[in-house]
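The values are calculated or read from the model by the stated rules, or taken from the named source; none is laboratory data. Just so you know, these numbers come straight off a predicted model, no measurement behind them. Note that we place each Cβ from the backbone using ideal geometry, even for glycine, and neighbour counts take in every protein chain shown.
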Amino acid sequence: MPVASASAASTSKLLIQALGLVEEIGYLKTFIGDWIESSDPEVRELLNWQFLGNSKYFRPVTVFACYKAVNPEPIDAKIIRSAAALEIVHNVSLIIDDILDRSRHRRGKLTLHCRFGSLPALMTAGYITSSVFEIIRQDTYDVKLIANLIKRLGVAECMQWRLRREPLGVEDWRELAGEDTGSMFETCACLGTRGEKMRTYGRLLGILYHGCDDLADVRGAEALGGGGYEDVRDGILTLPAAIAIRDPAVAVQFRNPTKDGVKFLKHKLESALPEAERYLNSIAEDAAREANTMALNPEPLITLIQHTRRLSKS
């Protein structure tokens, strides 16, 4: 686990350097560190455990890249704060996902609930959510975006759980991915540009990221923080699953897998990877087209797409 996490962190570091964002990420880390130090002593150790590790900062990087795509001016303190708020909210989703998935490790160490217990982890997630709105309370634009994001993430998780074990198709997967990860990256784009100009790009990048995560899970990769077959166990619709369950025999096992059926499903998911890769290529092309159409400086956005696309095989 630590080796894989270190690899993911190294890849992220290279991206930050390629985009010229080393200084900005330094400011972001300082902002989050200061926030933790000002937090209640009862939860400070938990916050340090959750935040001060091998974070990839891909969402703040997306905020900064979208800013640079439309604005020639240096990134200012307002954008740093917005990116920090988004990263803090992202960690709420990680805490909850880890509890739901029964994950023991993230970023090369024990997950928060395994280190401190489920109740402290859940209460810390609530503390973090409230803190975000204190951080951005004077910025009505950020408040509106972050509040809407949290609602969309909650709805997406409920929808995904309700539809588990349903043999749905690729378009259904795309809708779910767009509301889950896509909504997060839409918000990144809007925070970075202070407007709607790059929202579609953000959604496409998020769907691409979600799909690459799905494929990395099948391969057992750790570059996106995943790995393993929790989605198979829980009957979650991933991109490889949406492709594989076109076969009626796979659909039957997806609905109610037997002990041998789990092995069968794993094999069929692996067989679906080449088609899934081609589908992700088309999403990456759509995202690049959107970047070239809408951005004054599309280069950082294209770099993000290229980085994300490689993650399905990392």
**Output for segment 185-211, where each listed residue is of a type in the set (Gly, Ala, Ser) and either over 19 Å from GLU285 (Cβ atoms) or not in a helix (DSSP H, G or I) (or both)** = GLY192, GLY195
**Request:** Assess whether GLY227 counts as being under 30 Å from THR62 (Cα atoms) and at pLDDT below 95.
**Result:** yes
**Item:** Candidates THR124, THR129, THR111, filtered to the one that is touching a strand residue (DSSP E or B) at 6+ places or on another chain (Cβ under 7 Å) and at pLDDT 95 or above
**Value:** THR111
**Prompt:** Taking the stated definitions as given, is ASP214 touching a residue at least 40 places away in the same chain (Cβ under 8 Å), part of a helix (DSSP H, G or I), closer than 23 Å to GLU290 by Cα and charged (D, E, K, R)?
**Reply:** no
**Request:** Test each condition in (1) assigned to a helix (DSSP H, G or I); (2) within 30 Å of GLU45 (Cβ to Cβ) for GLY182 and report the one that comes out false.
**Result:** (2)
**Message:** Pairs please, first residue from segment 262-283 and free of Cβ contacts under 8 Å to residues at least 24 places away in the same chain and over 23 Å from ILE207 (Cβ atoms), second anywhere and surrounded by 14 or more Cβ atoms within 10 Å (Cβ to Cβ) and not small (Gly, Ala, Ser), Cβ atoms under 6 Å, 6+ apart in sequence or on different chains.
**Reply:** PHE264/GLN253
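Residues checked against (1) more than 18 Å from ASP214 (Cβ to Cβ); (2) part of a helix (DSSP H, G or I); (3) under 20 Å from the mean Cα position of the chain (by Cα):
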site: LEU237; (1), (2), (3): no, no, yes
site: ALA241; (1), (2), (3): no, yes, yes
site: ALA249; (1), (2), (3): yes, yes, no
site: ASP260; (1), (2), (3): yes, yes, no
site: ASP286; (1), (2), (3): no, yes, yes
site: ARG289; (1), (2), (3): yes, yes, no
**Message:** When you check ARG137 against the structure, is it surrounded by fewer than 21 Cβ atoms within 10 Å (Cβ to Cβ) and touching a residue at least 24 places away in the same chain (Cβ under 8 Å), yes or no?
**Reply:** no
**Request:** Give the residues of segment 292-314 that are at pLDDT 95 or above and either hydroxyl-bearing (Ser, Thr, Tyr) or not in a helix (DSSP H, G or I) (or both), sorted by residue number.
**Result:** THR293, ALA295, LEU296, ASN297, PRO298, THR303, THR308
**Request:** Exactly one condition in (1) in a helix (DSSP H, G or I); (2) over 28 Å from LYS68 (Cα atoms); (3) touching a helix residue (DSSP H, G or I) at 6+ places or on another chain (Cβ under 8 Å) is not met by GLU171; state its number.
**Result:** (3)
**Complete:** Subset of segment 130-182, residues in contact with a Cys (Cβ under 9 Å, 6 or more places away or on another chain) and not aromatic (Phe, Trp, Tyr), comes to LEU145
**Request:** Please identify the pairs in which a residue from segment 112-134 that is without any contact (Cβ under 8 Å) to a residue 24 or more places away in the chain has its Cβ atom under 6 Å from the Cβ atom of a residue that is small (Gly, Ala, Ser) and surrounded by 15 or more Cβ atoms within 10 Å (Cβ to Cβ), counting only partners at least 6 apart or on another chain.
**Result:** HIS113/ALA121
**Message:** Would you confirm whether or not segment 151-158 contains a residue that is assigned to a helix (DSSP H, G or I), buried (at least 19 other Cβ atoms within 10 Å of the Cβ) and not charged (D, E, K, R)?
**Reply:** yes
